[in-house]
Every structure is written in C-alpha cells, then in structure tokens.
Amino acid sequence: MHSRFYSYEPKNGHGLAHDPFNAIVGPRPIGWISTKSNAGICNLAPYSFFNAFNYVPPIIGFSSIGHKDSLRNIEENGEFVWNLVTKSLAEQMNTTCTSVGPDVNEFVLAGLDTVASTILSVPRVALSPVSFECRATQIIQLEGLDKQKVQSWLILGEVLNIHIDEAFLKGGIYDTASAGHILRGGGPADYFTVGQEQLFKMTRPKSI
C-alpha cells in the first residue's frame with residue numbers, strides 16, 4: 001500500500017492552514033536570549049530557531065527573523081546570554097514574545113528577577129536553572145539560492161561561562177529529563193515538554 005504525499009514548492013506557498021515547516025523541524029529548544037544595549041537597557045526575547053553547533057569551543061546560535069532588538073544589542077557590544085526555559089517559566093517566556101519598543105525591559109514586563117553574569121554585563125534570568133554567557137563570533141545575514149539577502153540573521157556565539165543549578169547534576173551528569181525543559185513545536189501555539197516518560201537510552205556503536 002502506497003502512502004499519499006502532500007507536496008508543494010515553498011516558493012509557491014504551502015496551501016495549508018499553517019506553514020508545516022517549523023512543525024516538521026521540531027520540537028526545537030528555545031533560545032531565550034538576554035542582551036543589553038550600550039545605553040543600559042536590558043532585553044529578553046525567545047527565539048525558536050536555536051541550537052548548539054560545536055563542542056570545543058562550545059558554540060550556540062539563533063536566527064533573528066527581522067532586525068530585532070536582540071540583534072541590534074549584540075551588534076553594539078557582542079554580548080548575549082542564553083537562558084533555559086522550563087515549564088515553570090513558560091508563561092513568563094511567552095510574555096517576553098510581546099512586540100514592544102526598544103526602550104521596554106522585558107524582564108520587568110514579565111516580572112522576572114535578574115542575576116548578574118560572571119563575565120558579561122548582560123544579566124541572566126534568575127529563575128532559569130541553566131544559563132550560558134556568550135560572546136558573538138559571527139553574525140551572518142542569510143541568503144537564498146538567488147544570492148539575494150533575506151531579512152534573517154544567524155547569530156553565533158562562543159559560550160564563555162556556564163551556570164547550572166546543582167539540583168540537576170546527578171553523579172556529575174546533567175539530568176535533562178528532570179530539569180523541565182520545554183521545546184517549541186509547530187502551529188501557532190504548540191510546545192512540548194521533556195520528561196522521564198520520553199527518555200530512552202541508546203549507546204553509539206563501537207568503531208570498527
């Protein structure tokens with residue numbers, strides 16, 4: 001029995017109720033990025049196009065669709081902090097999605113306390129159990145096959161300092177399943193949780 005496939009060329013539109021692309025490439029970790037302008041105004045915003053890209057040195061990155069405040073601040077001073085979003089912080093994270101002016105501090109808007117970083121001037125989310133202090137290494141404006149620039153920028157940064165709540169270190173191993181991570185799915189409002197019920201173990205095969 002053959003499957004039936006719905007096929008389309010993205011350049012011509014998907015013809016569906018909602019673009020399926022970010023639902024298929026998901027769920028994805030959330031880049032909850034804090035930055036600070038040179039004028040001293042803090043910004044906190046979630047980015048669903050986020051991931052890790054290298055071990056040594058550790059490099060993470062996120063994509064800003066549009067030239068937003070986070071990107072402008074990083075262009076000014078090169079600093080940003082990634083803060084882990086957990087289920088208990090979901091509503092505050094969602095509040096920081098609000099479209100506001102560059103003079104609005106989303107920490108205040110969402111009722112979130114800050115804690116000072118060790119290396120950077122950018123604050124961390126006090127209640128986030130994991131934070132990465134980062135300095136930008138590359139800012140790349142994306143382009144299509146036609147070499148035309150699109151209004152999206154990939155920001156890559158080296159992780160300079162890592163903060164982990166010791167409650168989630170079990171025998172020296174970070175316990176992802178108990179930390180309460182949430183992930184962005186697709187559609188207009190889909191998120192997923194990570195927990196013990198999703199956990200299975202599979203070791204890599206030995207080299208031949």
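Can you pull out the residues in the range 1-43 that are at pLDDT 90 or above, of a type outside the set (A, V, I, L, M, F, W, C) and part of a helix (DSSP H, G or I)?
Within the range 1-43, Pro10, Lys11, Asn12 meet the criteria.
Please enumerate the residues belonging to the range 155-179 that are part of a helix (DSSP H, G or I) and either touching an Asp or Glu at 6+ places or on another chain (Cβ under 6 Å) or within 21 Å of Asn77 (Cα to Cα) (or both).
Within the range 155-179, Phe168 is the sole residue that qualifies.
Considering only residues that are acidic (Asp, Glu) and under 23 Å from Asn161 (Cα atoms), look in the range 70-100 and name the one that is nearest to the chain's Cα centre (by Cα).
The selected residue is Glu79.
Within the range 27-34, is there a residue that is touching a Gly at 6+ places or on another chain (Cβ under 7 Å) and not small (Gly, Ala, Ser)?
Checking the range 27-34: at least one residue is touching a Gly at 6+ places or on another chain (Cβ under 7 Å) and not small (Gly, Ala, Ser).
Out of the residues in the range 93-129 meeting the condition of being β-branched (Val, Ile, Thr) and part of a helix (DSSP H, G or I), tell me which one is surrounded by the fewest Cβ atoms within 10 Å (Cβ to Cβ).
Result: Val108.
Failed condition for Pro20, given (1) in contact with a Gly (Cβ under 7 Å, 6 or more places away or on another chain); (2) under 30 Å from Val122 (Cα atoms); (3) surrounded by 13 or more Cβ atoms within 10 Å (Cβ to Cβ), with all others met?
(2)
For residues in the range 44-85 being part of a helix (DSSP H, G or I) and not polar (S, T, N, Q), which is nearest to Thr98 (Cα to Cα)?
Restricting to residues being part of a helix (DSSP H, G or I) and not polar (S, T, N, Q), the top hit is Asp69.
Please work out which residue is surrounded by the fewest Cβ atoms within 10 Å (Cβ to Cβ), limiting yourself to the range 58-77 and to residues that are under 13 Å from Ile33 (Cβ atoms) and of a type in the set (Gly, Ala, Ser).
Top of the filtered list is Ser63.
In the range 179-192, which residues are surrounded by 15 or more Cβ atoms within 10 Å (Cβ to Cβ) and either out of contact with any Lys or Arg (no Cβ under 9 Å at 6 or more places or on another chain) or of a type outside the set (A, V, I, L, M, F, W, C) (or both)?
So the first thing to find is which residues in the range 179-192 are surrounded by 15 or more Cβ atoms within 10 Å (Cβ to Cβ), and the list is 179-186, 191.
Ala179, Gly180, His181, Arg184, Gly185, Gly186, Tyr191, listed by residue number.
Looking at (1) under 20 Å from Ala189 (Cα atoms); (2) in contact with a strand residue (DSSP E or B) (Cβ under 6 Å, 6 or more places away or on another chain), which is the one condition that is false for Ser99?
(2)
Would you check which residues across the range 155-176 are in contact with a helix residue (DSSP H, G or I) (Cβ under 7 Å, 6 or more places away or on another chain) and either of a type in the set (Ser, Thr, Tyr) or surrounded by 16 or more Cβ atoms within 10 Å (Cβ to Cβ) (or both) and list them?
Applying the first criterion (in contact with a helix residue (DSSP H, G or I) (Cβ under 7 Å, 6 or more places away or on another chain)) to the range 155-176 yields 155, 168, 174-175.
Within the range 155-176, Ile155, Phe168, Tyr174 qualify.
The values are calculated or read from the model by the stated rules, or taken from the named source; none is laboratory data. Worth saying up front: this structure is predicted, and the values here are computed from it rather than measured. Please note: Cβ atoms are built from the backbone with ideal geometry, for glycine as well, and neighbour counts cover all protein chains shown.
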